[in-house]
1. Would you be able to say whether some residue in the range 331-344 is touching a residue at least 24 places away in the same chain (Cβ under 8 Å) and within 30 Å of residue 231 (Cβ to Cβ)?
2. Report yes if residue 354 is over 50 Å from the mean Cα position of the chain (by Cα) and at pLDDT below 90, otherwise no.
3. When residue 34 is evaluated against the numbered criteria (1) buried (at least 17 other Cβ atoms within 10 Å of the Cβ); (2) in a helix (DSSP H, G or I); (3) in contact (Cβ under 8 Å) with a residue 24 or more places away in the chain, which criterion, by number, is the only one it fails?
4. Residue under question is residue 217, and the condition is that it be in a loop (DSSP other than H, G, I, E, B) and closer than 30 Å to residue 509 by Cβ; does it hold?
5. Can you find a residue in the range 269-285 that is touching a residue at least 24 places away in the same chain (Cβ under 8 Å), in a strand (DSSP E or B) and under 23 Å from residue 46 (Cα atoms)?
6. Being under 36 Å from the mean Cα position of the chain (by Cα) and at pLDDT 90 or above is true for just one of 194, 211. Which residue is that?
7. Just the residues that are at pLDDT 90 or above and not in a strand (DSSP E or B), please, taken from the range 408-439.
8. Taking the range 392-409 on its own, how many of its residues are within 23 Å of residue 434 (Cβ to Cβ) and either under 49 Å from the mean Cα position of the chain (by Cα) or surrounded by fewer than 16 Cβ atoms within 10 Å (Cβ to Cβ) (or both)?
């Protein structure tokens, strides 16, 4: 029994120690630097290539590439939760006792007194008691009375609740750590692009570390390799299913006895949710990998690093609105979205930057946009001598327009020109005299209107406006820990205000008689802000002296 008590005490002392607090906080600060410096969510091969084999192995061993989801980072956060809990529970009973203390017999026990002063008066003890009680009730709070050895004791206190400020702050830190853990375990971040008039329910994950399974089975031919990898694919798919992820690719890595590494990857045409489809890619990887078995395989790894998440609803982009400045720069862009549940329309919302759509705790932030096509274009066409052949002619996609000189022009497509800052161009094809040419034409307002005519074969084309087909790029985030963190923010504000701007003031008075005089001893202390309390107590002594001089 004694050993059990000693063990319990040792554990309690360890988890409530200030040394553990410092260790945890320093560890969080240092490891957060790792999470900032080291790229997160990359493949094992990436770290080996960019950081060298030795450092890359270390990064993969400690999962520094996905630090915030690693077991040891969660362990540090868990230690912080435990430390805060034990520290609070160890010190809270004493704080509650002090907060509730109403014992007026201050000189009969060990009580720290910060300030004191004494007054002698000719008033009777009863009259002095009435004046002291009135003064303390006015300056502090209602008094508690006690008697011992012929002396009367009065005690008054105010602000006892401020002693709880530090524990409210502890609680807020607990909630911060808890919210982080909840967000790490159950949240995700991703991206989805939705073309106008279409809907999507699958999000590409961002920042998620590769999921892999490894085997040290010694195999010396591709038949044995195929059997081993097929079993590994079942384990990998189970890991994906456990995280509710869909796979976008799969990679096979073989390291032979000589240390040479062979890798083969394959992308799926669409996110895979079928185990048969996923496992069906194994024969392709095994056949295409360059390892031939001349040196037996020492390590086999099957992994995927391209993840998708299927939402419990779909989001449709009904319309995308783009507003530009006169020089062509983007001024504002807005998406009009509709939530689709089981085929039925739900919430409708207009979103823009910093004004997200929130559905079932999932946030959709407007982050980007682009042009993926064109419906119509209004153009003016001139020949080499700048004679107009068509003016303000609106053409539809793939519509063939015959010109007066016998040539033809067709609006074929839209393209993004990365060399011109991602500007969009409508692609026109012209044919005349058996010759065919095509080129991109930009809106006349593009590039500040400095260039309006664009050559397409033997013609010049000016595009006054176009009905573009846009896609809206949405950042998608779910963090169920955010409400917990917000509660923590509210509590830490209360806790800090209580801790720094308020204090627990206690004032005692002892009224006794000696040598025909009534003696009144005032004593007081404060839980914090001693200098402020000293000034306050001086004011109290001045008022007390004035009271007894009347």
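1. No; the residues of the range 331-344 include none that is touching a residue at least 24 places away in the same chain (Cβ under 8 Å) and within 30 Å of residue 231 (Cβ to Cβ).
2. Working: over 50 Å from the mean Cα position of the chain (by Cα): no; at pLDDT below 90: yes.
No, not satisfied.
3. Of the numbered conditions (1) buried (at least 17 other Cβ atoms within 10 Å of the Cβ); (2) in a helix (DSSP H, G or I); (3) in contact (Cβ under 8 Å) with a residue 24 or more places away in the chain, the odd one out for residue 34 is (1).
4. Values: in a loop (DSSP other than H, G, I, E, B): yes; closer than 30 Å to residue 509 by Cβ: no.
Criteria not met by residue 217.
5. Residues of the range 269-285 that are touching a residue at least 24 places away in the same chain (Cβ under 8 Å), as a first pass: 271-273, 275, 278-279, 281-283, 285.
Still in the list and also in a strand (DSSP E or B): 271-272.
Subset that is under 23 Å from residue 46 (Cα atoms): 271.
Looking for residues that are touching a residue at least 24 places away in the same chain (Cβ under 8 Å), in a strand (DSSP E or B) and under 23 Å from residue 46 (Cα atoms), one finds at least one in the range 269-285, hence yes.
6. On the way: 211 fails: at pLDDT 90 or above.
After applying the criteria, what remains is 194.
7. If the condition is that a residue be at pLDDT 90 or above and not in a strand (DSSP E or B), then no residue fits.
8. Going residue by residue through the range 392-409, those that are within 23 Å of residue 434 (Cβ to Cβ) are 395, 398-409.
Those still in the list that are either under 49 Å from the mean Cα position of the chain (by Cα) or surrounded by fewer than 16 Cβ atoms within 10 Å (Cβ to Cβ) (or both) too: 395, 398-400, 402, 404-406, 408.
Looking only at that region, the number is 9.
The values are calculated or read from the model by the stated rules, or taken from the named source; none is laboratory data. It should be emphasised that the depicted structure is a prediction, and the values quoted were computed from it without experimental measurement. All Cβ positions, even for glycine, are placed from backbone atoms using ideal geometry, and neighbour counts span all protein chains on display.
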